Amino acid sequence: LFAHFPGLKVVTFATAYDAKGLLKAAIRDPNPVVFLESEMTYGIKGEVPDEEYIIELGKADIKRSGTDVTLITWGKQLFTVQKAAESLMAQGIDVEIVDLRSLRPLDHETVFNSVVKTGRAVVIHEGFIFAGVGAELVSRIQEACFDVLQAPVLRVTNRDVPQPYATNLEKLVYPSEDRIIAAVQQVMER
């Protein structure tokens, strides 16, 4: 929702390293920045350097380099995508993972370069399929990279149902490792 409004910068994170670097950048930015957190990531530990560092807003990060397909994600879905990438590697599919970190501004250069390299893309996010950041990404990728795409860009999102509260039902709604693997196999024509 916040990424829809001109003038707002919107960032999010999955790792502790990114959280610290992005938060420092957000605080120091003279423009309004919406810093999105997921309470589900609070218990995940990671290395954070003691020395000063800042992660530039609007810069995506390649979390895993690969050659066959680009998986684009942000926030806590990074961990699900990384698990799926391990399973796909066992199947001989070399996955590149792009963690957006900034939803606005989008780092088109990193996304497009990755898609040009692999020729395929799947966008994975925790949100609904209709009218979101994932839809915007798919549109921009197909506009900028159409000539190199070897398959349609797919999305793996929350199922299009009201969000349940019960844990067992939540697991059925969110993107899962199995659903990501199925989407990748589809773009790989397997």
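Considering THR118, THR157, the condition of being polar (S, T, N, Q) and under 12 Å from the mean Cα position of the chain (by Cα) is satisfied by THR157 alone. Condition test on GLU109, is it surrounded by fewer than 21 Cβ atoms within 10 Å (Cβ to Cβ) and under 12 Å from the mean Cα position of the chain (by Cα)? Taking the combined requirement at face value, the residue does not satisfy it. Checking the range 141-152 against the condition returns no match, with no residue being within 16 Å of THR80 (Cα to Cα) and surrounded by fewer than 16 Cβ atoms within 10 Å (Cβ to Cβ).
If the condition is being over 17 Å from ALA84 (Cβ atoms) and among the acidic types (Asp, Glu), then the range 153-178 contributes ASP160, GLU170. Among all residues of the range 126-147, there is at least one that is of a type in the set (D, E, K, R) and free of Cβ contacts under 8 Å to residues at least 12 places away in the same chain.
With respect to (1) open to solvent by less than 40 Å² (accessible area, probe 1.4 Å); (2) over 18 Å from LEU137 (Cβ atoms), the lone exception for GLY58 is condition (2).
Close Cβ contacts (under 9 Å, 6 or more residues apart or on different chains) running from residues in the range 15-26 that are more than 18 Å from VAL81 (Cβ to Cβ) to residues that are among the small types (Gly, Ala, Ser) and not in a helix (DSSP H, G or I) comprise LEU22/SER102. Can you work out which of the residues in the range 23-55 that are open to solvent by 40 Å² or more (accessible area, probe 1.4 Å) and of a type in the set (Phe, Trp, Tyr) is nearest to the chain's Cα centre (by Cα)? The qualifying residue nearest to the chain's Cα centre (by Cα) is PHE35. Restricting attention to the range 1-38, which residues are charged (D, E, K, R) and over 21 Å from GLU126 (Cα atoms)? Across the range 1-38, the qualifying residues are LYS20, LYS24, ARG28, ASP29.
Can you pull out the residues in the range 87-105 that are farther than 14 Å from ILE62 by Cα, open to solvent by 10 Å² or more (accessible area, probe 1.4 Å) and of a type outside the set (Ser, Thr, Tyr)? Steps first, answer last, please.
Within the range 87-105, the subset farther than 14 Å from ILE62 by Cα is 87-93, 103-105.
Those left that are additionally open to solvent by 10 Å² or more (accessible area, probe 1.4 Å): 87, 89-92, 103-105.
Within the range 87-105, MET89, ALA90, GLN91, GLY92, LEU103, ARG104, PRO105 qualify.
For the range 61-86: of the residues being polar (S, T, N, Q) and over 19 Å from ILE141 (Cα atoms), which is least open to solvent (accessible area, probe 1.4 Å)? Checked the range 61-86; the qualifying residue least open to solvent (accessible area, probe 1.4 Å) is GLN77. Scan the range 13-21 and tell me whether some residue there is buried (at least 16 other Cβ atoms within 10 Å of the Cβ) and among the aromatic types (Phe, Trp, Tyr). Checking the range 13-21: at least one residue is buried (at least 16 other Cβ atoms within 10 Å of the Cβ) and among the aromatic types (Phe, Trp, Tyr). A single entry from VAL184, VAL173, VAL115, VAL123 fulfils the requirement of being open to solvent by less than 20 Å² (accessible area, probe 1.4 Å) and without any contact (Cβ under 8 Å) to a residue 24 or more places away in the chain: VAL173.
Does the range 77-96 contain at least one residue that is within 20 Å of VAL34 (Cα to Cα) and of a type outside the set (Asp, Glu)? Checking the range 77-96: at least one residue is within 20 Å of VAL34 (Cα to Cα) and of a type outside the set (Asp, Glu).
The values are calculated or read from the model by the stated rules, or taken from the named source; none is laboratory data. All values reported here derive from a predicted model rather than from experimental measurement. Counting neighbours? That spans all protein chains shown, and the Cβs are built from the backbone with ideal geometry, glycine included. The area values use the complete protein model at the heavy-atom level, side chains included, leaving out ligands, DNA and RNA. Shrake-Rupley method; radii C 1.70, N 1.55, O 1.52, S 1.80 Å.
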